[in-house]
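Structure first, commentary second.
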């Protein structure tokens, strides 16, 4: 894992996150082995929990490996000039199902034109989809709304993901980028640290901006050479 993610606190948090599902799986498996007379319905319920925890453990391992790949000097980056409007629209299209599942309305606020940025399309989509997923979870329920907005500037393009959820306290605006710091009770807590790492590898930034209501994440990317 990259040096900025591989801290003593992050390792301790990772061990804790890994230990929790492993402990649950082991305890239920041992209980089932020690109780041969267990009712079938109860046994099936325990097996369902074991399956769920196994999948969660797999997702956690996948995200740890992804964090390691992002930070590796050998990581492959397919850099090219990208249309940020097309990139943002594609992220919105891919997030449609998630928004619908959460009962959240997604709106786009895009200018007519925007200068190109230099980046890895798949990695930047990964960042935007992670931000949109977090926003959908935060705004989930009746009246939930997420806005995806793009604003070009003199030397950068900024893409903002804004939700009308509970928001993020000022003291937590940097903490959310620490490994295994989770927004709510879902997720692994690696999505935002990895996303910031990707943004920085592009010479850009990812931050939480002050917002009157809900949360506002801002991804800023420098313009492609000659586009300013």
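The values are calculated or read from the model by the stated rules, or taken from the named source; none is laboratory data. Bear in mind the structure is a predicted one, so any value in this text is a computation, not a measurement. Note that we place each Cβ from the backbone using ideal geometry, even for glycine, and neighbour counts take in every protein chain shown.
Here are some notes:
- The residue list 205, 195 contains one member that is surrounded by fewer than 17 Cβ atoms within 10 Å (Cβ to Cβ), modelled with pLDDT of 90 or more and touching a helix residue (DSSP H, G or I) at 6+ places or on another chain (Cβ under 7 Å), which is 205.
- Scope the stretch 109-118; condition out of contact with any helix residue (DSSP H, G or I) (no Cβ under 7 Å at 6 or more places or on another chain) and assigned to a strand (DSSP E or B); matching residues: 109, 118
- Residue in the stretch 119-136 that is in a strand (DSSP E or B), modelled with pLDDT under 95 and touching a helix residue (DSSP H, G or I) at 6+ places or on another chain (Cβ under 7 Å) present: no
- Selection within the stretch 69-90: residues that are more than 16 Å from residue 151 (Cα to Cα) and surrounded by 15 or more Cβ atoms within 10 Å (Cβ to Cβ). The member of this set that is modelled with the highest pLDDT is 90.
- Yes/no for residue 189 being assigned to a loop (DSSP other than H, G, I, E, B), more than 15 Å from the chain's Cα centre (by Cα), farther than 26 Å from residue 86 by Cβ and modelled with pLDDT under 95: no
- Test result for residue 32, surrounded by 12 or more Cβ atoms within 10 Å (Cβ to Cβ), modelled with pLDDT of 85 or more, outside the structural domain of residue 191 (by TED's automatic domain parsing) and not in a helix (DSSP H, G or I): no
- Members of the stretch 75-108 that are touching a residue at least 40 places away in the same chain (Cβ under 8 Å), in a helix (DSSP H, G or I) and closer than 18 Å to residue 120 by Cα: 84, 85, 87, 88, 91, 92
- Search result, residues across the stretch 161-180 that are buried (at least 19 other Cβ atoms within 10 Å of the Cβ) and either without any contact (Cβ under 8 Å) to a residue 12 or more places away in the chain or assigned to a strand (DSSP E or B) (or both): 161, 162, 163
- Residue check, residue 54 surrounded by 12 or more Cβ atoms within 10 Å (Cβ to Cβ), in contact (Cβ under 8 Å) with a residue 12 or more places away in the chain and not in a loop (DSSP other than H, G, I, E, B): yes
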